[in-house]
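Quick note: the coordinates plus some simple rules give every number you see, no bench work behind them. Bear in mind that the values here come from a model prediction, so they are computed numbers and not experimental data. Backbone-built Cβ (ideal geometry, glycine too); neighbour counts: all protein chains shown.
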Amino acid sequence: MSRRYEVCIIGGGAAGLAAAVSIRRRIRTCILEKNPIPGRKLLATGGGRCNLTNAACAGARKTLDFFASMGLESRLEEEGRYYPYSGRAADVVKVLTDGVKEAGHDIIPDCEAVSIRKTGDGFLILAERKSTARGKKAAETLSITADRVLLACGGKAGPQYGTTGDGYRLASSLGHRISRVYPILTAIECGDMKDLKGIRARGTVTLKKDGRPVASENGEIQFTEDGISGICVFNLTPMIRAEEGESLRDALARFEVSLDLAPDLPPERLSGRRSSFGILTEALAARVKPEEIRNWRLPVRGIKGWRQAQCTGGGIPLDEADPVTMESRCCPGLYLAGEILDRQGPCGGFNLQNAWETGIAAAEAINAAAGKDARPDERREKNR
Ligand SMILES: Cc1cc2nc3c(=O)[nH]c(=O)nc-3n(C[C@H](O)[C@H](O)[C@H](O)COP(=O)(O)OP(=O)(O)OC[C@H]3O[C@@H](n4cnc5c(N)ncnc54)[C@H](O)[C@@H]3O)c2cc1C
């Protein structure tokens with residue numbers, strides 16, 4: 001089956017949906033989404049509450065206005081984090097998918113883009129569409145021609161939500177470079193810690209490389225059966241990586257974490273203690289000696305992989321896209337948005353902000369370019 005669109009968006013996640021809502025009604029647009037529903041990862045964000053953006057982001061106001069224009073109000077919580085007022089990620093997905101439908105654009109679910117080719121003045125996209133006909137699973141090949149394509153298929157973090165790195169293959173087939181990708185914003189493995197599984201403590205986590213501090217984060221440290229987790233831990237993981245030509249094993253041996261489990265207690269309350277219990281919970285006190293409370297050193301044995309990671313490090317280098325229009329510098333008519341690009345932030349709404357703002361920027365550029373393409377009579381019609 002073949003279809004023709006002016007714009008084909010590959011990926012119905014945060015960036016793809018925000019772009020589709022923002023592309024003008026008269027520009028015939030489709031979203032190809034490999035999952036049965038769009039926005040599947042969005043539903044899992046912020047623990048099901050979707051941390052939309054952060055007050056520290058330059059574009060936060062525009063994002064909040066974008067959602068308010070669709071009727072979704074937001075609420076500011078600690079550390080500048082904005083959530084939908086209802087506290088439900090599902091409501092974010094609903095306003096976006098309703099917005100796409102209201103704009104008159106098509107969402108094609110269960111449809112995985114497998115290849116993309118530049119034709120004379122546009123693109124040919126081949127996609128596999130799954131269906132269930134008379135109780136039997138089937139797949140058909142959909143061939144789509146489009147004047148412009150927006151690649152918004154995300155990175156590799158959270159493959160269970162559909163992001164398996166397809167976008168890198170599609171982008172490189174059109175001439176893009178892909179810098180090495182690695183999981184970030186994930187838990188750190190420190191060896192056997194089964195006795196502490198499920199325990200939480202507030203404190204400071206310092207990442208050290210070759211004995212020297214690299215970065216510190218405060219917050220709630222969650223102990224797992226083989227390490228530590230929690231936002232303050234996640235935010236340190238982008239720094240745990242091998243250098244050029246170094247093996248991961250050698251690189252990991254250079255890192256350790258130091259936990260300060262009583263950062264606000266005056267030193268005199270800590271000196272001369274026979275036990276850590278009373279400052280730490282019983283289970284923690286069984287592991288941590290009083291003299292270690294402010295500096296409990298743990299080795300870094302690894303970090304959790306793609307399934308647990310919240311974001312992808314690396315990707316398409318930023319200098320390969322125009323920062324205003326998000327149009328590819330390697331392939332005119334191709335646009336790039338979201339996590340597929342080598343641009344990451346810490347936990348707290350920064351990565352969704354990246355997806356919304358690059359998706360909307362691409363849509364605005366597509367609106368402007370489609371207006372220029374149109375004949376003067378069509379232009380009057382489009383602008384109505
Ligand atoms: C558990 C979890 C919680 C998170 N919480 C937050 C948070 O609260 N705040 C925050 O700022 N960030 C959060 N993040 C990060 C944030 O969700 C991502 O950075 C953001 O969703 C990236 O947007 P995107 O549109 O680039 O990609 P995605 O939202 O990942 O969407 C990409 C879409 O493309 C589809 N796709 C992939 N390949 C193809 C193909 N070949 N054909 C068709 N479709 C395809 C995928 O199925 C997916 O739906 C979280 C991430 C995870 C995993």
Pair GLU102, LEU76: separation of 7 Å Cα→Cβ label points (nm): 2.6
Note, ³J(HN,Hα) from phi for segment 106-117, Karplus 6.51, -1.76, 1.60, rounded to Hz, x at Gly and Pro: 9, 10, 10, x, 6, 10, 9, 5, 10, 8, 9, 9
Debye-sum result for segment 82-238 in log10 I(q)/I(0), which assumes one identical scatterer on each alpha carbon, at q = 0.10, 0.13 Å⁻¹: -0.65, -0.93
Cβ-Cβ FRET estimate between ASP65 and MET1, R0 fixed at 51 Å, reported to 0.05: 0.85
Tail beyond 27 Å, pair distance distribution of segment 234-384 (Cα, percent): 54
Unsatisfied cross-links (Cα-Cα over 22 Å) in the set LYS194/LYS289; LYS130/LYS304; LYS101/LYS156: LYS130/LYS304; LYS101/LYS156
Geometric extent, Cα atoms of segment 188-303 - Rg, Dmax (angstrom): 14.3, 47
Percent RCO, i.e. relative contact order, over segment 188-303, from Cα pairs under 8 Å lying at least 6 residues apart: 30
Inter-label distance for LEU248 and THR325, nm, one decimal - labels placed 7 Å from Cα along Cα-to-Cβ: 3.9
Taking the C-alpha atoms of the chain, convex hull volume expressed per residue in Å³: 165
Three semi-axes of the equivalent ellipsoid, segment 310-355, Cα gyration tensor, whole Å, largest first: 21, 10, 7
Gap separating the Cα centres of segment 192-261 and segment 291-315, nearest whole Å: 4
Estimated 222 nm signal from helices in the chain, with DSSP H stretches of n ≥ 4 weighted -39500 (n - 2.57), rounded to 500: -7000 deg cm²/dmol
Cleavage-rule hits (trypsin sites (Lys or Arg not before Pro)) in segment 127-162: DSSP loop, at most 15 neighbouring Cβ within 10 angstrom: ARG134
Using θ = phi - 60° and Karplus 6.51 cos²θ - 1.76 cosθ + 1.60, couplings along segment 352-366 (whole Hz; Gly, Pro as x): 5, 4, 4, 5, 4, 6, 6, x, 5, 4, 5, 4, 5, 5, 5
DSSP bridge orientation in the chain - percent antiparallel, rounded to nearest 5: 75
For q = 0.15, 0.22 Å⁻¹, Debye-computed log10 I/I(0) when each Cα of segment 36-150 counts as one equal scatterer: -0.84, -1.14
Histogram of C-alpha separations across segment 1-89, 10 Å bin width, %: 15, 42, 31, 10, 2, 0
